[in-house]
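*Asks:* Can you keep this structure in mind? I'll have questions shortly.
The values are calculated or read from the model by the stated rules, or taken from the named source; none is laboratory data. The structure presented is a predicted model; accordingly, all values stated were derived computationally and were not measured. Heads up, the Cβs are rebuilt from the backbone with ideal geometry, glycines too, and the neighbour counts pull from every protein chain shown.
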Amino acid sequence: MKSLSFKKSFLLLMLTLIIGVLAACGGGDKTSTDDNNDSSGEKAGEATSGGTLNIGLSANAKTFDPIKYTGVYESQVMRQMADTLVIYNKDLSDIIPSLATEWKVSDDMLVYTFKLREGVKFQKGEYQDGREMKAEDVKYSLERSAKESAMNRLNGVTEVKVLSDYEVEIHLASPNAALLAMLTDAGNIIIPKEEVEGWGDSFSEHFVGTGPFQLTEWKKDQEVKFVRNDNYWGEKPHVDNVTMKFIADQNMMTNALRSGDIDIAMDVKGQNREIVKQDSNLELLTNPGLSIVYLDLNNKVGPTADKRVREAIYKATNVEEIITGVNQWGGGDVSYLPLPPGSWGYDKSLIDAVPKYNPEEAKKLLAEAGYPDGFKTEIYVSQARVPYATIFQSQLKNNLNIDVEIKVVEWGTYSDTVAKGNAPMNIGGWTWYPDPYFFLYQLFSTKQIGALGNGKGYSNPEVDALLERAVSETVVQEERAKLYQEALKLILADVPRIELEATQTVAAINKKVQGFTVSPDNSIQIVSPNGTNVSIAK
């Protein structure tokens, strides 16, 4: 503990010097060091219509095709351009209308019927002139997702039937109580067939939807630009233009916010949180969130295919030290379970089933498994996960003589390598909705092997059965929670991975930005049917 205290004191001293240098370099006079965390604060000036909103995203986007996307930052872009049938309200406690105005569910939970909003128009594109969205578009978009989604984002849908221009039925192979939540996902946005098939693999660069903003330019690896869609069916956006800039380096992101190059910075971490707090022009917004970080262990190939090896690695990993080391400035806590605490399936009593840090027991288990002298392996991470991997690497070398080579790769390579089961270990993050389905089914179902969530290859028939029952037997939340908790017990006993962090969702904003909040699922909402409409003060 002494060394950690010394490190933190040293970092505080360095931070003070950094802040002084940055203040001298620009960003205006700073007259206050008030802690702005978790408060709405006073904004500068009155809200006005117009202007450009500049947003910094912490990772690069690979695609904007809804069936191909795998990262939250890709969905953050797509949601500005297109809509889903239904959406969550602001705190993710209820599902409300969007492109669908009302819906009903059959008694056997196999058919969901939706009435569609009339008068909704697509943005003008190369292959259609801004025509009205109708039921055939819903059929095309959702059946495409059901058949081709890289993440199986519409699992179980067999057919979408068109009843009229403004009414559809979604048919399921088996009852699924999570379908409405699934339909809120950006992978299930509604898009026009002509544009998708006309552009083919280039659809991402010429994206067309029904959303509040239309794509004008995508400079890959740099930024995406949008203009207000004046034919948007919902409330008119308060801003004329939006630019989303990809800024992976945290220090560059914070400097861009302080200099005025961006108005909103997503995923602010580390000492940059403190820099933002001490800048009187900025505000740090946080939410407990629905986000976790985990360390996958390959369950199919290599030494970690042996449960004893996986358990040994877990017991040799001081998770608290990793999370404390990564989050010296706040932002995350030990997660313990494969669900974020904000999910209604989370059960604190199951924490006792999590392997405890015990290097001596870990050594015995590894020897029993045939690796008394350790072994060599690799761990795949994106740039943002390097701090976790570095501490983990040191712990495994010291406690088990396991040599871990850290492979830092860009998102496309990471997701492809992990999904194909080619990563011996990897550190991933998962952000989704309160329904446990989106964590447990996506990350542990045998049917998800080959997708990013279950690239580790975990499979347990008993778990599969419980996960199916949790969506097919009842829509009652309390009853579904019990089934998910039974599945959790089995998952923890199999030790398929190491649970690391329950992560806050965080954004830093210039105080001239009005109406922006941090969503628990880390989505970016500029204009939404849930009442959001972000503006920039004069």
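*Asks:* Would you confirm whether any residue within region 510-522 is over 30 Å from V463 (Cα atoms) and among the aliphatic types (A, V, I, L, M)?
*Replies:* Within region 510-522, one or more residues are over 30 Å from V463 (Cα atoms) and among the aliphatic types (A, V, I, L, M).
*Asks:* Here's a follow-up. Determine, yes or no, whether E405 is under 30 Å from N251 (Cβ atoms), in contact (Cβ under 8 Å) with a residue 40 or more places away in the chain and either touching a Gly at 6+ places or on another chain (Cβ under 8 Å) or not assigned by TED's automatic domain parsing to the domain that holds Q250 (or both). Walk me through it before giving the result.
*Replies:* Values: under 30 Å from N251 (Cβ atoms): yes; in contact (Cβ under 8 Å) with a residue 40 or more places away in the chain: no; either touching a Gly at 6+ places or on another chain (Cβ under 8 Å) or not assigned by TED's automatic domain parsing to the domain that holds Q250 (or both): yes.
No; evaluated as a whole, the condition is false for this residue.
*Asks:* Of everything in region 473-498, what is surrounded by 17 or more Cβ atoms within 10 Å (Cβ to Cβ) and among the hydroxyl-bearing types (S, T, Y)? Give them in sequence order.
*Replies:* Within region 473-498, just Y484 meets the criteria.
*Asks:* Mind listing whichever residues of region 450-471 are surrounded by fewer than 16 Cβ atoms within 10 Å (Cβ to Cβ), in contact (Cβ under 8 Å) with a residue 24 or more places away in the chain and part of a helix (DSSP H, G or I)? Let's see the steps before the verdict.
*Replies:* Just the residues of region 450-471 that are surrounded by fewer than 16 Cβ atoms within 10 Å (Cβ to Cβ), to begin with: 450, 461-462, 465.
Next cut, in contact (Cβ under 8 Å) with a residue 24 or more places away in the chain only: 450, 462.
Within region 450-471, E462 is the sole residue that qualifies.
The rows are residues; the columns are (1) under 27 Å from K236 (Cα atoms); (2) modelled with pLDDT of 50 or more; (3) part of a strand (DSSP E or B); (4) not assigned by TED's automatic domain parsing to the domain that holds V227.
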residue	(1), (2), (3), (4)
I19	no, no, no, no
A24	no, no, no, no
S40	yes, no, no, no
G45	yes, no, no, no
N54	yes, yes, yes, no
Y69	no, yes, no, yes
V77	yes, yes, no, yes
K90	yes, yes, no, yes
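*Asks:* Check off (1) part of a strand (DSSP E or B); (2) without any contact (Cβ under 8 Å) to a residue 24 or more places away in the chain for P372 and give me the number that stays unchecked.
*Replies:* Checking P372 against (1) part of a strand (DSSP E or B); (2) without any contact (Cβ under 8 Å) to a residue 24 or more places away in the chain, the one that fails is (1).
*Asks:* For the structure I just gave you, tell me whether L440 is in a helix (DSSP H, G or I) and either touching a Ser or Thr at 6+ places or on another chain (Cβ under 7 Å) or not assigned by TED's automatic domain parsing to the domain that holds I313 (or both). Show your work before the answer.
*Replies:* On the way: in a helix (DSSP H, G or I): yes; either touching a Ser or Thr at 6+ places or on another chain (Cβ under 7 Å) or not assigned by TED's automatic domain parsing to the domain that holds I313 (or both): no.
So L440 does not fit the description; no.
*Asks:* Something else: Only one of these is modelled with pLDDT of 95 or more, under 22 Å from G187 (Cα atoms) and not basic (K, R): G450, G455. Name it.
*Replies:* The match here is G455.
*Asks:* What is the residue count in region 313-334 for residues that are within 18 Å of L488 (Cβ to Cβ) and out of contact with any Pro (no Cβ under 8 Å at 6 or more places or on another chain)?
*Replies:* The number of residues fulfilling the criteria is 2.
*Asks:* Next up: Quick one: in region 125-138, which of the residues that are under 30 Å from the mean Cα position of the chain (by Cα) and touching a residue at least 60 places away in the same chain (Cβ under 8 Å) is nearest to V168 (Cα to Cα)?
*Replies:* Once the filter is applied, the top-ranked residue is M133.
*Asks:* Still on this model: Is one or more of the residues making up region 306-328 over 26 Å from K456 (Cα atoms) and crowded, with 22+ Cβ neighbours inside 10 Å?
*Replies:* no
*Asks:* Let me ask something additional. Determine which member of the set R310, R385 is among the charged types (D, E, K, R) and in contact with a helix residue (DSSP H, G or I) (Cβ under 8 Å, 6 or more places away or on another chain).
*Replies:* Testing whether each residue is among the charged types (D, E, K, R) and in contact with a helix residue (DSSP H, G or I) (Cβ under 8 Å, 6 or more places away or on another chain) leaves just R310.
*Asks:* Scan (1) outside any helix (DSSP H, G or I); (2) more than 19 Å from K307 (Cα to Cα); (3) in contact with a helix residue (DSSP H, G or I) (Cβ under 6 Å, 6 or more places away or on another chain) for the single condition Y346 breaks and write down its number.
*Replies:* With respect to (1) outside any helix (DSSP H, G or I); (2) more than 19 Å from K307 (Cα to Cα); (3) in contact with a helix residue (DSSP H, G or I) (Cβ under 6 Å, 6 or more places away or on another chain), Y346 is out only on (3).
*Asks:* Restricting to region 498-523, name every residue that is among the charged types (D, E, K, R) and closer than 27 Å to A186 by Cα.
*Replies:* E499, E501, D521
*Asks:* Name the one entry in A389, A384, A367 that is in a helix (DSSP H, G or I), at pLDDT 95 or above and within 23 Å of the chain's Cα centre (by Cα).
*Replies:* Residue meeting the stated conditions: A389.
*Asks:* I've got another one for you. Being of a type outside the set (S, T, N, Q), within 27 Å of Y437 (Cα to Cα) and either at pLDDT 95 or above or crowded, with 20+ Cβ neighbours inside 10 Å (or both) is the requirement here; does A265 meet it? Steps first, answer last, please.
*Replies:* Working: of a type outside the set (S, T, N, Q): yes; within 27 Å of Y437 (Cα to Cα): no; either at pLDDT 95 or above or crowded, with 20+ Cβ neighbours inside 10 Å (or both): yes.
Considered against the rule, which asks whether it is of a type outside the set (S, T, N, Q), within 27 Å of Y437 (Cα to Cα) and either at pLDDT 95 or above or crowded, with 20+ Cβ neighbours inside 10 Å (or both), A265 comes out as no.
*Asks:* Within region 302-331, how many residues turn out to be in a loop (DSSP other than H, G, I, E, B) and either β-branched (V, I, T) or closer than 15 Å to A367 by Cβ (or both)?
*Replies:* Total satisfying the criteria: 3.
*Asks:* Taking into account only those residues within region 239-252 that are in contact with a helix residue (DSSP H, G or I) (Cβ under 7 Å, 6 or more places away or on another chain) and within 18 Å of L53 (Cα to Cα), which is modelled with the highest pLDDT?
*Replies:* Checking each candidate, the answer is M244.
*Asks:* How many residues are within 16 Å of N251 (Cβ to Cβ) and in a strand (DSSP E or B) when one looks only at region 274-283?
*Replies:* Number satisfying all stated conditions: 1.
*Asks:* Looking only at residues that are in contact with an Asp or Glu (Cβ under 6 Å, 6 or more places away or on another chain) and of a type outside the set (V, I, T) in region 483-536, which one is farthest from K90 (Cα to Cα)?
*Replies:* Only one residue fits best here, namely L490.
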